[in-house]
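Where a number appears in this text, it was derived from the coordinates with a stated rule and is not lab data. Predicted model only: the values in this text are computed from it and were never measured. As a convention, Cβ positions derive from the backbone with ideal geometry for all residues, glycine included, and neighbour counts pool all protein chains shown.
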Amino acid sequence: MKIGDVASQTGLSVKNIRYYHDIGLVTGSRGANGYREYGEQQVSALLFVQHCRELGFSIDECRDLLQLKHDPQRCASDVKRLASQHLKALEQRMQRLQQLHGELSHLVAQCQGGDSPDCPIIDGLSGKKCCHHE
């Protein structure tokens, strides 16, 4: 299957598929004409990687998960450990995003808008203590 067909089937861009090929994550074979060719196994791997990326896994984590997926001797505990570590990192990011949301919401609420140059948002982004949300 040619790369354009794989892109249509997976929803990935040709650029992403080439990148994954170039870094050795999911590789196609080279035909006599030099074009990359992909089979069902590579398409399945690309769909797997795409789902992992949607869940926020890094390329290295995707590589590890893909290796575990293809290892018939894998231990589910290794997969769970990797996923649990990622989940903890997601939870920490979510907590930080909630803090940022609260701070920005407070700044937006404090700004009256209008034609005045006085702006609590600019003050808050500049680090002025009077405008920080506690």
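Using a Förster distance of 35 Å, how high is the FRET efficiency between ASP78 and ARG18, based on the Cβ-Cβ distance and rounded to 0.05? Could you put the intermediate results ahead of the total?
Values: r = 30 Å, r/R0 = 0.85.
In this case the efficiency is close to 0.75.
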Working from the alpha-carbon coordinates of the stretch 1-57, get Rg over Rh, Rh being the Kirkwood radius. 0.95
Cut-off under 14 Å on the C-alpha distance; same-chain residues fewer than 8 positions from LYS128 excluded. Which aspartates and glutamates are left, in chain and number order? GLU103, ASP118
A student asked for the Cα radius of gyration and Dmax of the chain in angstrom ought to give 22.9, 68
Would you calculate the separation in nanometres between label points at GLN50 and ASP64, each defined as 7 Å from the Cα along the Cα-to-beta-carbon direction? 2.5
How are the Cα pair distances of the stretch 75-134 distributed, in percent, across 10 Å bins from 0? 21, 31, 19, 14, 11, 4, 0
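State, as an integer percentage, the relative contact order of the chain based on alpha-carbon contacts under 8 Å between residues 6 or more apart.
Working: 83 pairs, mean separation 17.5, N = 134.
That works out to 13 percent.
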